[in-house]
Amino acid sequence: MNVDEIEPQIAEPATLSLDDRRKLSFLVEEFNCLYAEALDEGRIADWPGFFTEDAVYKLLARDNAEAGLPLSLMYCAGKGMLKDRAYAIEYTEMFAPRYTKHQISNTRVLGREGDIVTARSNYSIFETLVDEPTEILQVGTYHDRFVIEGDRLLLKERCALYDTVCVPICVVFPP
Amino acid sequence: MGNMTQFPDHSKEAPDAERLKAYSWPDDPTLVPEWIYTDEYIAELEQQRIFQGHTWNYCGLEVEVPEPGSYIRSYLGSMPIIVTRDEEGEIHAFENRCAHRGAEFCKTYRGKTETFICPYHQWTYGLDGALISVPFRRGVKGKGGMPKDFDMEANSLRRLNVTTRNGAIFVSSQDDMEPFEDYLGPMMVEQFDTVFDGRPLKLLGVHRNILEGNWKLYQENLKDTYHATLLHTYLTTFGLFVASNETFVMTDDTGRHSTTCNRRPEGRPDADETTAEIGSFHSAMQLADPSVLNYVKESDSQWTSNAMTVWPNLVLIRQTNIFSARQIVPMGPNKFMLIWCSFGYADDDPEMLEHRLKQNNIFGPGGFIGIDDNEVIKFVADGAQRGAGRDGVIPLGRDDEPSDTVITDRALRGMYSWYRKEMGL
């Protein structure tokens, strides 16, 4: 996989009416706020609920993606693996307690085909450990495909492509 | 100008005796002094006497430089190097530092090129590190330029000795290195070949992370089988590594290399006296998608996992169907980088590739058990840097015990016995 396969470069605004773009952009932004709140409040068990049953979640280093290398830092194919990741974080992994804060911005709806909405957003995650200053854990871009049903979105695919190739220690919670 | 292509050899110089008097290693072999994790001078001495000393240092896989002109950035100890493949298919390694003004000129992880050009003054080097051209060598209109006796060869990049075995690349700045097989010893060669059996490899990708702590803590982590059964709930719960599994911990005659071989039982471990002592054992835990942990038999090895350390900087892992080579890159006493190179076989079908990619969730800077180790090393480093001074203790097991116990610090004692010799401590 390379970056162009993740999402062909689309420099023009989506060929949707202004009203559709406004509505869909709002729905994606609202979705991302809820997604970020669940993670930042430590409700990791709620995380799989943002995805469809057949969803794919990938956390990819940008240099690997650009070189066509498929290895992900986290990879879930299907809701089962999403739940297993959430369970492992909650019950089996050992890590220092931390606060995280997602900032999700530059949200842009790229298009809609039937009930599939494609969008991209930049994200950054700040992490704060006990007795330490807040650090930037990761910056990257979400490349998303949502399923839309009425006013409700669910992720069918979220590919988080991160610039922070040299990971500071580790990434505990999925971006 | 002298021959600058050779590395200055500090490895055989006696360390500053006066300065070393301040460091006193405890007599008790079960104690490890804390200053080896925090001291700047010790870290500097390690670069000279270990990494640039009499060692073969892992620096990458042949599959990372698959074609003529392919290159990667890598390291020898803390020193940035470049690993290339030339037009004849031969592999070279040299310092990533221009012979002129010393700039670290290669700033990309990997790529393909015919030459390396330092951007500062465009000194140009070939794929073997040899200096090819210097702009305005004769000056302009007869004025300026390089001295008449300027020796191109002597101003090439500092070149390293290279050896390979079954697809893994090792470098040394020493000219008198024994063959890699002799460096490992016969028992470790056999273990090495369970991961690198000579089949062509397929590169899956590379993770990088920066850990807070001393690089030796990572070597220790792999030699410390006691922790694997306790810290890693994920491993124990799903039977990938449990104290009651059939396991061998072996070191070579010098104590510097080690390996842990383990056979995982069929299915999940029962709740019994072994799991009862593991406070982190979760017998209720069930995977929603257990296929991730399937073991697809792909070799004759009787083991389901091998965790090997090759002194000083390679950790080689075969766990179920995961293959990974981790390079330890020291960055001063309190920091190191890990470069995790994950691979499969060139003839993997799409299904096997997918299986390996899913299973790789276990390791890495976001791995189910990778996270445990990355985090706990910072816990130890925080203790060493902030706490009141005290030695570390490695008392478990005996040095003459049979190799089939995991509740032991034997391999750590072996490593530090070798470390003291190499460092002159």
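Quick rundown of the values:
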read-out	value
nm² value of the averaged projected area, convex hull over the Cα atoms of chain A	10.2
Shielding score for A:92-104, defined as the mean number of other chain Cβ atoms within 10 Å	4
For region B:212-423, fraction of C-alpha pairs farther apart than 29 Å, in %	25
Segment B:A288-B:E34, extension gain: residue separation times 0.36 nm, minus the distance between their alpha carbons	87.1 nm
Helix axis angle, B:186-195 relative to chain B longest principal axis, alpha carbon, degrees	90
Amide hydrogen neighbours beyond the local backbone of A:T107, cut-off 5 Å, H modeled	A:N122
Per-residue HN-Hα couplings for region A:169-175 [Karplus 6.51, -1.76, 1.60; θ = phi - 60°; Hz; x = Gly/Pro]	6, 6, 10, 8, 8, x, x
All lysines inside 29 Å of A:K23 as judged from Cα atoms, apart from same-chain residues fewer than 8 positions distant	A:K58, A:K79, A:K101, A:K156
Fraction of antiparallel bridges per DSSP, the protein assembly as shown only, in percent to nearest 5	90
Ratio Rg/Rh, restricted to the protein assembly as shown and using Cα atoms, in which Rh is the Kirkwood radius	0.99
In order through region B:99-106: 3J(HN,Hα) via Karplus (6.51 cos²θ - 1.76 cosθ + 1.60), integer Hz, x for Gly, Pro	6, 8, 9, x, 6, 7, 8, 8
Residue-wise HN-Hα coupling along region A:77-83, computed from phi with Karplus coefficients 6.51, -1.76, 1.60 (Hz; x: Gly, Pro)	10, x, 5, x, 5, 5, 5
Spin-label model distance (nm) - B:L353 vs A:F126, 7 Å beyond Cα toward Cβ	4.1
Charge dipole of chain A about the Cα centre (unit charges at C-beta), most positive-ward option of A:T92, A:F50, A:T15	A:T15
Rule-of-thumb Rg ratio for chain B [Cα; 2.2 N^0.38 Å; N residues]	1.06
Relative contact order computed over chain B (Cα-Cα under 8 Å; 6+ residues apart), in percent	20
Rounded to the nearest 20 debye, dipole of the protein assembly as shown from Cβ charges on Lys, Arg, Asp, Glu	1780
Alpha-carbon centroids, region B:46-61 and region B:216-246: separation in whole Å	27
Per residue accessible area in Å² of region B:212-423, where ligands, DNA and RNA are left out and the probe is 1.4 Å	35
FRET E, pair B:S24, A:Q103, Förster distance 56 Å, beta-carbon r, rounded to 0.05	0.65
Cα-based Lys proximity count in region B:212-423, under 22 Å, for pairs eight or more positions apart or on separate chains	8
Proximal lysines to B:K112, defined as alpha-carbon separation beneath 21 angstrom and excluding residues fewer than eight positions away on the same chain	B:K202
Gaussian network model of chain B, Cα within-10 Å springs - most flexible of B:V242, B:V315, B:V134	B:V134
Dipole magnitude of chain A, debye to nearest 20 (Cβ charges: Lys/Arg +1, Asp/Glu -1, about Cα centre)	160
Packing-based order for A:23-36, A:157-170, A:73-86, using average beta carbon neighbours within 10 Å, highest first	A:73-86, A:157-170, A:23-36
Selection from B:F238, B:C118, B:I169 lying farthest towards where the dipole of chain B points positive, charges on Cβ	B:C118
C-alpha center-to-center spacing [region B:91-107, region B:177-203] in angstrom	29
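The values are calculated or read from the model by the stated rules, or taken from the named source; none is laboratory data. If you're wondering where the values come from, they're calculated on a predicted model, not measured in any experiment. Cβ coordinates were reconstructed from backbone atoms using ideal geometry, including for glycine residues, and neighbour counts include every protein chain displayed. To get the accessible areas, we keep the full protein, side chains included, count just its heavy atoms, and leave off ligands, DNA and RNA. Shrake-Rupley method; radii C 1.70, N 1.55, O 1.52, S 1.80 Å.
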